[in-house]
Amino acid sequence: MKRVIQRLILGSCLALTVGCSATGKTNTFILTADLPPNFAYAARANYVPAKGETCTVPGGRNTQIGFNVEEWRTEYKPDSEVELHRTVIGCPLVLNSIELNIYAKYGTDRGDFGSDFGKIAVRTHLDERDKGTFNAAGESEFYGQCQWLFRTSGSLRRIVKILDCKDTDAQGNLTRGHPFAAYTLDQLPGKTVRLKVKLADEERPYMKDTWVKVPGGWKRCMGDNFEDQYAFCYGNYKDFSTFRMPDGRDTCTIYPGCTENKEVTP
């Protein structure tokens, strides 16, 4: 009789197209994100043998599930339905973590993007102070702030950008590390976890002593000559170089406005 009931419950779950175990408990949660324009995330859900299991999966095959890994450029979907329990080659597995890649495009060339990372940890037990919380609607949020770091690259001194993403609290105050959240397995069934990322208002140079702050932006130090790839200022705040923007403009002298301004404040 117990098996019949389990089958009926499982059939109901399938009919509702919601991930559900034979015990009737939802076996999935939704991972989603609120991101700035031209941003996307990719995720890899990692699974390990359930507590008490001694089985292994040869070569770790199918112990990772990817979301937006290849599609983030063209077919990005913010909502990902993540399983909590899976069985691979007869081995019961549970979700252990989700590795996040945060991508952002700043130009039209294929290489004009930056990326950084975040993480969600999933455990069978966590101290109350360490695990995320959910509101009455079953949603939990964790936060981050990303900032563009700019530099020049190559013989044309073309602007390239590096994405730097930090963890923040709900008020936007920077904390430690990269965007991070932690939950217990029993918190997640049927819930929604949302990553909320803001973009910093200002960009800053990737390397110190290579740009000089001026009214309206930054000027690039010349260095020894135009071919000097590092081009540190070393106290020379008079000799500057032009640079090329990602959109092709190649006579720029001030970043990011790409306008002339001769007044320099070291």
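Nothing in this text is a laboratory measurement; each read-out follows from the coordinates by a stated rule. All values reported here derive from a predicted model rather than from experimental measurement. Virtual Cβ from ideal backbone geometry, glycine too; neighbours counted across all protein chains shown.
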Treat each spin label as a single point 7 Å out from the Cα along the C-beta direction, and report the LYS198 to ASP250 distance in nm. 4.0
Given the C-alpha centroids of the range 139-188 and the range 80-94, what is the distance between them in whole angstrom? 29
Gain upon complete extension [ASP169, THR54; 0.36 nm per residue less C-alpha separation]: 37.5 nm
Coil-residue GluC sites (Glu not before Pro) of the range 151-248, DSSP, other Cβ within 10 Å capped at 11: GLU202, GLU227
Do the alpha carbons of any pairs in LYS77/LYS191; LYS105/LYS191; LYS77/LYS166; LYS77/LYS213; LYS105/LYS238; LYS131/LYS208 sit beyond 28 Å of each other, and which pairs? LYS105/LYS191; LYS77/LYS213; LYS105/LYS238; LYS131/LYS208
Relative compactness, the range 207-266, computed as alpha-carbon Rg over 2.2 N^0.38 Å: 1.03
Using 5 Å bins from zero, what percent of all Cα-Cα pairs in the chain falls into each bin? 1, 5, 11, 13, 13, 12, 10, 9, 7, 6, 5, 4, 2, 1, 1, 0, 0, 0
Residues in the range 170-214 that a label on ASP130 would reach, taking backbone N under 20 Å of a point 7 Å out along Cα→Cβ: 175-189
Calculate, for PHE226 and LEU149, the FRET efficiency according to 1/(1 + (r/R0)^6) with r their C-beta to C-beta distance and R0 30 Å; round to the nearest 0.05. 0.85
Please return the longest stretch of the chain lacking exposed loop sites, where trypsin sites (Lys or Arg not before Pro) count only if DSSP places them in a loop and at most 11 other Cβ atoms lie within 10 Å. 1-50
The helix 2-15 Cα axis meets the longest alpha-carbon principal axis of the chain at an angle in degrees, between 0 and 90 and rounded to 10, of 40
